[in-house]
Amino acid sequence: MSLQRLIELAGGLDNIQRILAPDGRIVVAVSDRHAVCSLPDEVTAESVLGEWQLSIKRDNTIQDEDLALVGRSIAARQQRKAAQYRVARPSHYRPQWHISPPQGLLNDPNGFIYHDGAYHLFYQWYPYSCEHKDKYWVHLTSDDLISWHWQSVALTPSDWFDSHGVFSGHAVSHGDDLMLFYTGNTRLGPDRQRQTMQCAARMNADGQFEKLGPLIRELPPGVTEHIRDPKVAFHQGRWHMLLGAQTESLQGRLAVYHSDDLLNWQFDKLYGDELSPYGYMWECPDWFELGNEWFVVFGPQGIESENLHHNIVHQNRIFRVNQDEQGGFDFIEGWALDEGFDFYAPQSVQTPDGRRVMCGWMGLPDELDQPSCDHGWLHQLTSMRELRWLNGRVLQQPAAELDLLRGETRQVNLNDKPLDLSTKSFELVVTLAWGSELHLMHDDKHKVVLTLDKQQGVLRFDRSQTLIRQGDTIRELVLNSESVTLQILADSSSLEIFINGGEQVMTGRVFTPEHATRISLQGAAVSGRVTLLHSAHAPFVDA
Ligand code: FRU
């Protein structure tokens, strides 16, 4: 049967909400079952997880370009619908200067790149509810890494190779071209069998993204369908693609491909044997040079934490690697990039003046219920952090651009008498003695407590007395320094704590009531510097 006939039987192009192409078949899911005509025997109809799907055998008259026509029709409708979700619902939890979604769920930052005079940053978005469903990419741009402007919904889950999610990936600026590389995610049949392909898209003269389709359709040997999140970079005369992967024996690895033209890719091999066992899956690789050393960042899932309070399987790591002449590497030594609660899937950009600036997802994969969901949105991105390699350590500090947000600064005395800042958008710089306890974003009932516990030798970040609904409530970090200097960035419902000049960072979402804007200190009184932070231009329309 021709594709045209299937479309007619399905009630026309406008009635098709999904297209899939499992081995040897074409499947279309319809929006309105009643618009489907009576079906000849060659068409199989079944309900798959609430979706009415019609399928036919694929004969060789049906080309990928024909399927792309259906994809474009679905994309146009998805674009129109998603655009309505660009209006932000009012919410006192909403950050004043971090990137958050207007509605729905945000997860990984994607495609972070400097191209043609501007920063481009995308994020994973499910517009319609606070759930992980078929993901879209939102496209934002900025001149200064602080004010972000909504450009478009760049990619929607419209095509046979990505209809259950345009998953994460990176961008490449190549001459005039801005190319996106991402993982197309599909789920086939009633048992939702995952099918994964590595895909690309290119920005056209109107700033819209045209999909180029799947570039890697087959799995590399010994790898499951859990292979995703391409990082593409040019190094030693050719293009490299790093992918997070899982072996058939359920070990996390990086899969590496090479290409001369960004379109045709050859599999090299799996990297990471020397770390094994190191979790059951690695996600979201990044790869860059810092101070003449090479680093790989990824999210190993399922590695054990040494701390009893840490129950989350989704970790974040940066590894210094030994880069060989062919572009292969060995892992040498690694650290957590962030020791707090909410940090995952970071991506970095090289700024025109040569800095490496990173931004992560301030959230984690399994957490879906937080107070902001009552206002229709969930999760946010972290601040922009500059990475440096100094004396054998990776240091992270708020990017210099944060200065654009800084308003009035004052020296404050911190003691047990609460100081009401009347805002939750501020920077606090303070050096604390062991044995002291800093209370933040508090009222009479709620508070975030940062303790320098002398006995245990740890900095404890405790959010158990907040409105948190899911996730761990205590993080502890072993510290050896005599006193501890904290640079804390607060923004409505988050804290990012840069410790001792950025040697460590702890990030967490902290939900307290709107007027819980006090800070105080138990223990030896100290003086701290508080700077109020302005709101940044928000990348959405306010209601
Ligand atoms: C990480 C991740 C990625 C995937 C994306 C889907 O948070 O699971 O591996 O591409 O989210 O939204």
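The values are calculated or read from the model by the stated rules, or taken from the named source; none is laboratory data. All values reported here derive from a predicted model rather than from experimental measurement. All Cβ positions, even for glycine, are placed from backbone atoms using ideal geometry, and neighbour counts span all protein chains on display. Just the protein is used for accessible areas: all its heavy atoms, side chains included, with ligands, DNA and RNA removed. Shrake-Rupley method; radii C 1.70, N 1.55, O 1.52, S 1.80 Å.
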I'd like to verify a number: residues in the range 98-115 that are closer than 17 Å to S147 by Cα and not small (G, A, S), how many? 9
For the structure I just gave you, tell me whether Q315 is open to solvent by 10 Å² or more (accessible area, probe 1.4 Å) and at pLDDT below 95. no
Here is a list: P346, P352. Which entry is on the phi < 0 side of the Ramachandran plot and surrounded by 23 or more Cβ atoms within 10 Å (Cβ to Cβ)? P346
Applying the selection to the range 134-152, what residues are away from the ligand (no atom under 14 Å from the Cβ) and assigned to a strand (DSSP E or B)? H139, L140, T141, S142, H149, W150, Q151, S152
Considering residues of the range 178-204 that are open to solvent by 60 Å² or more (accessible area, probe 1.4 Å) and not in a loop (DSSP other than H, G, I, E, B) only, the residue farthest from G50 (Cα to Cα): R202
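Every residue, every condition in (1) over 14 Å from L212 (Cα atoms); (2) within 15 Å of the ligand (Cβ to nearest atom); (3) over 19 Å from the mean Cα position of the chain (by Cα), yes or no:
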site	(1), (2), (3)
T156	no, yes, no
D159	no, no, yes
D162	no, yes, no
V166	no, yes, no
G189	yes, no, yes
Residues satisfying the stated conditions in the range 114-133, i.e. more than 10 Å from the ligand (Cβ to nearest atom), surrounded by 22 or more Cβ atoms within 10 Å (Cβ to Cβ) and not aromatic (F, W, Y): H120, L121, P127
Tell me yes or no: at least one residue of the range 412-425 is in a strand (DSSP E or B) and under 19 Å from L337 (Cα atoms). no
Those residues of the range 378-391 which are more than 16 Å from the ligand (Cβ to nearest atom) and either assigned to a strand (DSSP E or B) or in contact with a Lys or Arg (Cβ under 9 Å, 6 or more places away or on another chain) (or both), in sequence order: R385, E386, L387, R388, W389, L390
Exactly one condition in (1) surrounded by fewer than 18 Cβ atoms within 10 Å (Cβ to Cβ); (2) more than 29 Å from the chain's Cα centre (by Cα) is not met by Q397; state its number. (2)
Those residues that are closer than 18 Å to C284 by Cα and outside any loop (DSSP other than H, G, I, E, B), I need them from the range 346-377; list them, please. P346, Q347, S348, V349, Q350, R356, V357, M358, C359, G360, W361, M362
If you go through the range 55-78 one residue at a time, how many are more than 27 Å from V153 (Cβ to Cβ) and touching a helix residue (DSSP H, G or I) at 6+ places or on another chain (Cβ under 7 Å)? 2
Looking at the range 86-113 only, could you name the residues that are in contact with a Phe, Trp or Tyr (Cβ under 8 Å, 6 or more places away or on another chain), more than 15 Å from the ligand (Cβ to nearest atom) and assigned to a loop (DSSP other than H, G, I, E, B)? R89, S91, Y93, R94, I99, S100, P102, Q103
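Restrict the check to the range 326-341 and report whether at least one residue is touching a Pro at 6+ places or on another chain (Cβ under 7 Å) and either of a type in the set (A, V, I, L, M, F, W, C) or open to solvent by 20 Å² or more (accessible area, probe 1.4 Å) (or both).
Residues of the range 326-341 that are touching a Pro at 6+ places or on another chain (Cβ under 7 Å), as a first pass: 337.
Retained after the next criterion (residues that are either of a type in the set (A, V, I, L, M, F, W, C) or open to solvent by 20 Å² or more (accessible area, probe 1.4 Å) (or both)): 337.
Taking every residue of the range 326-341 in turn, at least one turns out to be touching a Pro at 6+ places or on another chain (Cβ under 7 Å) and either of a type in the set (A, V, I, L, M, F, W, C) or open to solvent by 20 Å² or more (accessible area, probe 1.4 Å) (or both).
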Condition broken by G207, with the remaining ones in (1) open to solvent by 60 Å² or more (accessible area, probe 1.4 Å); (2) outside any strand (DSSP E or B) satisfied: (1)
Every residue in the range 22-49 that is open to solvent by less than 50 Å² (accessible area, probe 1.4 Å), touching a strand residue (DSSP E or B) at 6+ places or on another chain (Cβ under 7 Å) and in a strand (DSSP E or B), please. I26, V27, V28, A29, V30, A45
Condition first: out of contact with any Phe, Trp or Tyr (no Cβ under 6 Å at 6 or more places or on another chain) and within 16 Å of the ligand (Cβ to nearest atom). Now tell me which residues in the range 222-240 satisfy that. V223, T224, E225, H226, I227, D229
